[in-house]
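Report on one structure; see the data block that follows.
The values are calculated or read from the model by the stated rules, or taken from the named source; none is laboratory data. Please read these numbers as outputs of a predicted model, since none were measured by experiment. Using ideal geometry, Cβ is built from the backbone for each residue, glycine included, and neighbour counts are taken over all protein chains shown. Note: accessible area is taken over every heavy atom of the protein model, side chains too, but ligands, DNA and RNA are not part of it. Shrake-Rupley method; radii C 1.70, N 1.55, O 1.52, S 1.80 Å.
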Amino acid sequence: MTTLLAALALSLGVSPAYGHPGPGSPPDQPPHRRSDGPSRTHSAHRQWRKSPRLHEQARTGRYGGGEATVGTRRTWPTVDWSFQTVLREFELREVAPHVELWVRTGDLRVDSDDCSSSNADDLVVTDRQLRYVAEQFEHVIRPREARVFGTPTPRDGSNAKPELLDPSIPAGAWRGPGDRLVVLVDNIASGGEFLSDAIAAVDRNFVVIEAAGWKTMVGPEPPSLCPAPCRVWEGFPLPHYIEGLLAHEYNHAIWHSRAEDVSGPNWITEGTAEWARWLVGYDDRRQDALKNLKVGCFQGRQNAMMPPGYTDPYGDRNGGPENSLSVWPDPGQSFLCDHGGAEIMIHTLNERYGTGFVKDLLFAGGGSGFDRLSKTLARHHSKETPSTS
């Protein structure tokens, strides 16, 4: 199914503009390279590829059942810079009623051809930042997403299948409060990861978000450290970026536990997760700003989004409205455009039909994206049908 977002949006009688309030996996990426430029986002359908070191990591890991307290160290699954599943040690640094924030221990630096991966100063995550992010999750992200999508099905680790990762991992390795989201902070090559294949192994709702760039990407007014080629986004400030990233990954956790099936096409799952950033109030897509580069990429307005001095190190000027809605990645286009086009589509559907439509589309099961869209249109008694022409 190959089509332009513009054609689909026009078939619904609207223009492909971003909203206002009112499947397949990408191919394996080369080792030690950020997966999609500075947006550093991902696919919710990352294929499971275990690291050859995983058995040794499992055998020497730290595990323990029951509720952890601040300072507890435990081994959790994450991904390395080749997008292989690995086991690493994390320390619980912050706890709130519905979230636990675990930060990877040891040296987070990665030797790669992207010097930001080994910049120790860009990999600092403070207790104050973690406390702030936990408060944002409790009072902003979770309640606002719950109004539209509900909350994830509780998972307390009692039904874990650790043998799916490695038979040496003990039963009950990840027991804990089922209504808490586990957030793992690690130096990964993408901005965030929802490891859907590992959910059955761990039996906890957990996500992975990047450890890099918190100095310039947390809070409403982060400092500017630009130009700095060895920092994420070259040190340009991105207000609320980490909080928005958490809102994105949390949306995947809700989807995975509540959808009719978890094989949804990327334009629905990723588009809705990007839209969730706007839903909770962290993004205003009307602004010409670097943090809106995904939308700008699809619109062909990259130059307006990139501030003076930004060098576009990942080639994100490649792309525009010709980007396919359903082909991920679309050859010759920046991967940002895939996310931008999908997000604009969800904005369009929300603007026309409301948040209930977006929820039903995300949770719909069976068939292609167009099949799910047709099913949701029928459920909402719409006489319109999607068209690829």
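Summary table
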| item | result |
| --- | --- |
| Charge dipole magnitude, Cβ of K and R +1, D and E -1 - region 117-171, Cα centre, debye nearest 20 | 340 |
| Nonlocal amide H pairs with residue 327, under 5 Å, H built at 1.01 Å | 3 |
| Antiparallel %, DSSP beta bridges [both residues in the chain], to 5 | 55 |
| Ellipsoid equivalent to region 89-141 - semi-axes via the Cα gyration tensor, in Å | 26, 12, 9 |
| Convex hull per residue volume in Å³, alpha carbons only, for the chain | 123 |
| Accessible area of the chain divided out per residue, in Å², using a probe of 1.4 angstrom | 37 |
| Prolate/oblate/rounded label for region 65-177 (Cα gyration tensor, a/c 1.5) | oblate |
| Student exercise, region 234-274 dipole from Lys, Arg, Asp, Glu Cβ charges, in Debye to nearest 20 | 100 |
| Region 146-298, accessible surface, carbon-and-sulfur percent (1.4 angstrom probe) | 49 |
| Rg ratio (alpha-carbon, reference 2.2 N^0.38 Å) - region 106-236 | 1.22 |
| Extreme residue, positive dipole direction of region 248-389, given options 339, 315, 279 (C-beta unit charges) | 279 |
| Within region 189-275: Cβ-based charge dipole about Cα centre, in debye rounded to nearest 20 (Lys, Arg +1; Asp, Glu -1) | 280 |
| Cα point-scatterer Debye curve for region 268-389, base-10 log of I(q)/I(0) at q = 0.14, 0.16, 0.19 Å⁻¹ | -0.62, -0.79, -1.03 |
| Modelled FRET efficiency - R0 51 Å, residue 105 with residue 379, Cβ distances, 0.05 increments | 0.60 |
| Residue 159-residue 261 FRET efficiency (beta carbon distance; Förster radius 22 Å; 0.05 resolution) | 0.70 |
